[in-house]
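Scroll down for the structure; my scribbles are underneath it.
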Amino acid sequence: MSLPDLATATVAGLRTLLDSGEVTSRDLVSAHLDRISRYDAVFGAIRCLAPDALEQAEESDRVRREEGARSPIEGIPVLVKDNIDVAGLPTTGGALALEHSMPMLDAPIVAKLRAAGAVVLGKTNLSELANFLTEDMPSGYSSLGGQVLNAYDTAITPSGSSSGSGVAAALGYAPLTVGTETDGSITSPADYQSLVGMKPTLGLVSRTGILPIAPSQDTAGPMTRTVADAAALLAAIAGPDVADPVTAASGGVAEALQNLVFDVRHLRGARIAVVQSDDADFPHAALAALRQAGASLVDVEMPESGHEDELAVLHYEFAPAVDRYLAGLGQDSPMRTLADIQAFNLENAEVALKFRQVHVDTALAIDHVAQRPAYEQTRSRDLAFATESLLAALGGNEFLAFTGASGCSWAARAGWPSIVIPAAYAENNRRPKGLMLVARPWNDARLLQIAYAAEQAHPVRRTPFQVNPAIFRNL
């Protein structure tokens, strides 16, 4: 058996090995479990592992042998963020109050992964309640899971809340990881950990069975090491869900994702509006590579934008959304409402409330009847401002480009798709810097094609083992 470097392995490469019989899915799963065992006591990316992972792999091997692969990700290990339901594993959101909250069913996106033949390896740590517990809490921290560390530089944030999924992908714990984003929680960890992270168009991916913040902005999406792998994962989880009406229009895009053709020549004639930034690590070389590959670039600016309206929207939607999710778990759920979580935290403050619970308190103080007109006005204003600002900057171009994940809030509030790809490493400390591309709604397939072409035109990604060798020397 000859396995590739797990920190650079791709779905296509692993699929070739699996199809040839050179390795089995069981071999892959065993190798990734060994990698987790070796490194994760330091980095803290893994919340829990599936006890049946090897059995899943053996079943995948049987299916491949007797019936043929069900999809391009047959037998490939995948890790999902611990706010996504996986039957047989707790969904905790990193909260001690939910430590024993055990869903009976897979979330639809997990069910789709299983139907595609992927091996659900386990769940990743996250910022508690997807970073909507409180203010001034470090990204990657939760009272249950502890602190996730950035593999490229343990002195800086892993960013998040999908910090564990990001670290897991970067370190080679799995080729595919799933994160969730309300505003920046996929794309920002991807920026900080030299990954591809995609927030799809709102409604392309089901949110059923996912512990929420706000339905107006929540979505799941892929976090991987290459654009092609992100596309393979998104193709597996995209599509309509009758329990999530916002996905009703997703069928055509989901179908297009199944038949993507990638070519660096897709950059020829592509029109990209580049949002200017005074960031010292602005990825000039990446933009030069896009221009060299045939893209037309024009400099634009975005207006100043605070988050006051967005935060008010999230606070209003939070408690009702969490209550609906918890109600769906049935009578055996240890917590029935967000108020129950708040009360548990107060009763166990010494272990559960290192950073307080400001967002929970604010959300539960809202009178949802009296304040609904104000909420509707605020949401309408925020959506209009984000959408109109994006359209004005975009002009007649196809895509917007931002340094790092600096466009994440615009795309999240408007529901537009965004993707971050590795773009650079700072000269003075080698910290990663990404490039974000944003497209109009439902242009996810085209966005992936352009991101792939950009990745190929500027192939700079390095692993944490190359960038930060000192920390691994004694592991």
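The values are calculated or read from the model by the stated rules, or taken from the named source; none is laboratory data. If you're wondering where the values come from, they're calculated on a predicted model, not measured in any experiment. Every residue, glycine as well, gets a Cβ built from its backbone with ideal geometry; the counts of neighbours run over all protein chains shown.
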Would you please name the residue that is farthest from Ala426 (Cα to Cα), looking only at residues in the range 144-158 that are buried (at least 24 other Cβ atoms within 10 Å of the Cβ) and in contact (Cβ under 8 Å) with a residue 40 or more places away in the chain?
Gly145
Please list, ordered by first then second residue, the pairs with beta carbon atoms under 6 Å, 6 or more apart or interchain, first in the range 190-210 and within 21 Å of Ile109 (Cα to Cα), second among the polar types (S, T, N, Q) and part of a strand (DSSP E or B).
Val196/Thr224; Lys199/Ser418; Pro200/Thr219; Leu202/Thr219; Val205/Thr219
Out of (1) over 26 Å from Pro103 (Cα atoms); (2) in contact (Cβ under 8 Å) with a residue 60 or more places away in the chain, what's the single condition that is false for Ala220?
(1)
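Rundown of residues vs (1) farther than 13 Å from Ile84 by Cα; (2) within 14 Å of the chain's Cα centre (by Cα), yes/no style:
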{"residue": "Ser206", "(1), (2)": "no, yes"}
{"residue": "Asp218", "(1), (2)": "no, yes"}
{"residue": "Met223", "(1), (2)": "yes, yes"}
{"residue": "Val227", "(1), (2)": "yes, yes"}
{"residue": "Ala230", "(1), (2)": "yes, yes"}
{"residue": "Gly239", "(1), (2)": "yes, no"}
Of the residues that make up the range 236-243, is at least one touching a residue at least 24 places away in the same chain (Cβ under 8 Å) and surrounded by fewer than 17 Cβ atoms within 10 Å (Cβ to Cβ)?
yes
Taking the criterion of being assigned to a loop (DSSP other than H, G, I, E, B), among the aliphatic types (A, V, I, L, M) and under 20 Å from Ala405 (Cα atoms), would at least one residue in the range 185-198 satisfy it?
yes
Do we find that Ala228 is surrounded by 24 or more Cβ atoms within 10 Å (Cβ to Cβ), in a helix (DSSP H, G or I) and either free of Cβ contacts under 8 Å to residues at least 12 places away in the same chain or not β-branched (Val, Ile, Thr) (or both) in this structure?
no
Could you go through the range 376-385 and let me know if any residue there is surrounded by 17 or more Cβ atoms within 10 Å (Cβ to Cβ), aliphatic (A, V, I, L, M) and over 15 Å from Leu98 (Cβ atoms).
yes
Residue among Leu113, Leu98 that alone is among the aliphatic types (A, V, I, L, M), surrounded by 24 or more Cβ atoms within 10 Å (Cβ to Cβ) and within 26 Å of Ser30 (Cα to Cα)
Leu113
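So that you can scan it fast, the table gives a plain yes or no per residue for (1) over 21 Å from Ala235 (Cβ atoms); (2) under 19 Å from the mean Cα position of the chain (by Cα); (3) crowded, with 24+ Cβ neighbours inside 10 Å; (4) of a type in the set (Asp, Glu):
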{"site": "Thr403", "(1), (2), (3), (4)": "yes, yes, yes, no"}
{"site": "Gly407", "(1), (2), (3), (4)": "yes, yes, yes, no"}
{"site": "Gly415", "(1), (2), (3), (4)": "no, yes, no, no"}
{"site": "Ile419", "(1), (2), (3), (4)": "no, yes, yes, no"}
{"site": "Pro422", "(1), (2), (3), (4)": "yes, yes, yes, no"}
{"site": "Arg431", "(1), (2), (3), (4)": "yes, no, no, no"}
{"site": "Ala457", "(1), (2), (3), (4)": "yes, no, no, no"}
{"site": "Phe465", "(1), (2), (3), (4)": "yes, no, no, no"}
Just one listed residue, out of Thr226, Thr177, Thr187, Thr219, is in contact with a Phe, Trp or Tyr (Cβ under 9 Å, 6 or more places away or on another chain) and not acidic (Asp, Glu), and it is Thr226
Checking the conditions here, which among Ala339, Ala321 is among the small types (Gly, Ala, Ser), modelled with pLDDT of 95 or more, buried (at least 20 other Cβ atoms within 10 Å of the Cβ) and assigned to a helix (DSSP H, G or I)?
Ala321
Determine whether the range 261-278 contains at least one residue that is of a type in the set (Ser, Thr, Tyr), surrounded by fewer than 21 Cβ atoms within 10 Å (Cβ to Cβ) and more than 25 Å from the chain's Cα centre (by Cα).
no
